[in-house]
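My structure is below; once you've seen it, I'll send some questions.
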Amino acid sequence: MDKLNANQQLLLATAWVDNNLDATEADLLRQILGKQGIGAADIESALQTQPPSTSSLIAQMPGAQAREDVMRDVLRMCFSDGVLEFEEFDLIERVAGQLGLNEETLERIRTEVSAG
């Protein structure tokens, strides 16, 4: 887990929000983390570990554009298994608020993610 930055750990926390890391979520994490230069062994290790709380991770987030990028990845993770659980919906709202994203920005990002 120590090889992952706060953004990457937030994605992991998003995948685990319903206390279940399914195969689709794990595959998406492997893809995203691999593209970000995290080695396969470190990814597999991270997938086995419950991440820290989202609020402690969000406190470490950078500026506005990076926060929007993080929100895009959070939404992709939540939508990846085709079922939006209550815990994931709640997480989306909570993370958006903690990132300082207003409803208009969140809706724009949701539309982008849904279309892509």
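The values are calculated or read from the model by the stated rules, or taken from the named source; none is laboratory data. A quick note: this is a predicted structure, and the numbers were derived from the prediction, not measured. Cβ coordinates were reconstructed from backbone atoms using ideal geometry, including for glycine residues, and neighbour counts include every protein chain displayed.
Please go through the range 74-95 and pick out each residue that is crowded, with 17+ Cβ neighbours inside 10 Å, touching a Ser or Thr at 6+ places or on another chain (Cβ under 8 Å) and assigned to a helix (DSSP H, G or I).
The answer is V74, M77, C78, F79, E88, L91, V95.
Please go through the range 14-48 and give me each residue that is in a loop (DSSP other than H, G, I, E, B), over 13 Å from the mean Cα position of the chain (by Cα), within 17 Å of G82 (Cα to Cα) and modelled with pLDDT of 85 or more, ordered by number.
D22
Does the range 49-61 include one or more residues that are modelled with pLDDT of 90 or more, under 25 Å from F86 (Cα atoms) and not in a loop (DSSP other than H, G, I, E, B)?
The answer is no; no qualifying residue exists.
Taking only pairs six or more apart or across chains, which ones have beta-carbon atoms under 7 Å, a first residue in the range 14-37 that is under 19 Å from S56 (Cβ atoms), and a second residue that is surrounded by fewer than 18 Cβ atoms within 10 Å (Cβ to Cβ) and acidic (D, E)?
V17/E87
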